[in-house]
Each structure stands twice: as structure tokens, then as C-alpha cells.
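Structure, as C-alpha cells:
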Amino acid sequence: MNLSNAGAGHTPRLVILISGSGSNMLAIAEAISAGQIDADIAGVICNRPDAAGVQKARDRGLPTLVIDHKEYSSREAFDAELRQQIDDCEPDLVILAGFMRILTPAFVAHYEGRLLNIHPSLLPKYQGLNTHQRALDAGDSQHGVTVHFVTEVLDDGPNIIQAVVPVQPTDDATSLQQRVHAQEHIIYPIAVKWFVDGRLKMQGKQAMLDGNPLPASGLALES
């Protein structure tokens, strides 16, 4: 749905998918509680029963569900169940917040234009895993994190916003990861707010903000 044309009194509904600590989920929940984002979290879904984020979501009183991917015979079967549970929440936006699953094309197509992800690199650099060490190995002077729309190609959807983090001479993968992680909690709520306020949308393969195309890198914020 187009949130800018939503009916009076409609509060946008979010579903957040997690696999780990849930820190980005908490950052978004805290922004909602602070009145910075006008939305409701209709559900938090996790694919790992032992993930720390499950209890954190429950402690906040958020509707929380675990769907263990190991109990499904195929990626398609898991995604079908995941899609059903998400759709039962009637979300306006689905947010991947450290959700460590490669999603099937059919799943991604179902939520086209309303599925966001956050990735710890300055995309299109370093798609996939081990991004912090890869940036160090390449001798990069800058690293960072990107929020983007999700498409069928892994970590390749239109970029929305990036936080740029300088690489220090003394950095190792852990110290760099910690500084990047702090920026995640700043830029993800910004992107979610833009979307629920009706300012952000995906048009074709382009991210649009206030009707104008964003740069290929997304809006860049210096840390």
C-alpha cells in the first residue's frame, strides 16, 4: 500500500525479522516509544530459538514468534510458513534486522517495495559475509553500513541510506565492527521513519525520497 494515501487513523504496521541479538529491532522499537516513528510493531519473528533477541522482544511486550528453519525440509517450505505468519500480521513494512537467511525469489517478490535490509558495508562493496575483515584486507580508508530495499539478488537492492565510518590504523575486525554497529542503530530508524511517513518508496530499481531519486549509494551520513 502507499502509506501517503493510507486512510485516516491508520498506524503503519511493522514486522521485524531477526536471527541474533535483536539490537536493530530494539533501536527501532525505542524510536517508536520515543515518538520518533509513528508505527506499531505487529510482530517480531526469529528463525533461531536460542537467539537473544527473542527474549528482548518479549521483555518489551512485542508479539514474538520463533519459526525454527531447521524444522523445514527446504528453503521454500520455510519461506512459505514465514510468509504466512508475516501476512497474518498485515504489515505495511517488513524489516530484516540481522535476519541471517537467504530468501527465495518468490518471498522477495511478494514483499517488493516494502522489504528493507541493513548490511554492514558501503554497498555495492562487500556483499555477503565477513565485510569488516574484507574492508581491512583491502586497505580501505572508509567502511560503513547500508540500508537498502531487498530484491532477488543478495545485498543488491536500491540503496537508501549509508553511514560512512573511517577506518583507523589500529582497527581490527572487532573494533571496526563495533563502530559500524553503532551507526546501524542510527540509520535504520531513519529509513523506517521515511517509509512509514510516506516519503520513501521503491520505483522500479530506484529508491525514491520525496519523489526524487536517491544517489546510487543512498543518502550518505558521515560518522
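Structure above, values below:
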read-out	value
Unique match (being buried (at least 21 other Cβ atoms within 10 Å of the Cβ) and assigned to a loop (DSSP other than H, G, I, E, B)) among Leu116, Leu82, Leu123	Leu123
Candidate set from the stretch 126-135 (those that are in contact with a Pro (Cβ under 9 Å, 6 or more places away or on another chain) and not β-branched (Val, Ile, Thr)); member that is surrounded by the most Cβ atoms within 10 Å (Cβ to Cβ)	His132
Qualifying positions in the stretch 208-223 - over 18 Å from Pro166 (Cα atoms) and touching a helix residue (DSSP H, G or I) at 6+ places or on another chain (Cβ under 8 Å)	Leu209
Top-ranked residue in the stretch 138-153 [being farther than 10 Å from Ser121 by Cβ and β-branched (Val, Ile, Thr); ranked as most open to solvent (accessible area, probe 1.4 Å)]	Val153
Within the stretch 85-108, considering residues that are within 19 Å of the chain's Cα centre (by Cα) and surrounded by fewer than 16 Cβ atoms within 10 Å (Cβ to Cβ), the one nearest to Ile18 (Cα to Cα)	Met100
Boolean, Leu176 is outside any loop (DSSP other than H, G, I, E, B) and either within 22 Å of Leu136 (Cβ to Cβ) or not β-branched (Val, Ile, Thr) (or both)	yes
Enumeration of residues in the stretch 187-197 that are in contact (Cβ under 8 Å) with a residue 60 or more places away in the chain and open to solvent by 20 Å² or more (accessible area, probe 1.4 Å)	Lys193, Asp197
Cβ-Cβ under 7 Å pairs, at least 6 apart or on other chains, the stretch 151-180 side at positive phi, far side open to solvent by 30 Å² or more (accessible area, probe 1.4 Å)	Asp155/Gln127
For Asp87: the one exception among (1) more than 24 Å from Phe195 (Cα to Cα); (2) out of contact with any helix residue (DSSP H, G or I) (no Cβ under 8 Å at 6 or more places or on another chain)	(1)
Test: residue in the stretch 62-71 that is acidic (Asp, Glu), part of a loop (DSSP other than H, G, I, E, B) and more than 30 Å from Asp210 (Cα to Cα)	yes
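The values are calculated or read from the model by the stated rules, or taken from the named source; none is laboratory data. None of the values given here were measured: they were computed from a predicted structure. FYI the Cβ positions are ideal-geometry reconstructions off the backbone, even for glycines, and counts take in every protein chain you see. Only protein heavy atoms, including side chains, enter the accessible area calculation; ligands, DNA and RNA are left aside. Shrake-Rupley method; radii C 1.70, N 1.55, O 1.52, S 1.80 Å.
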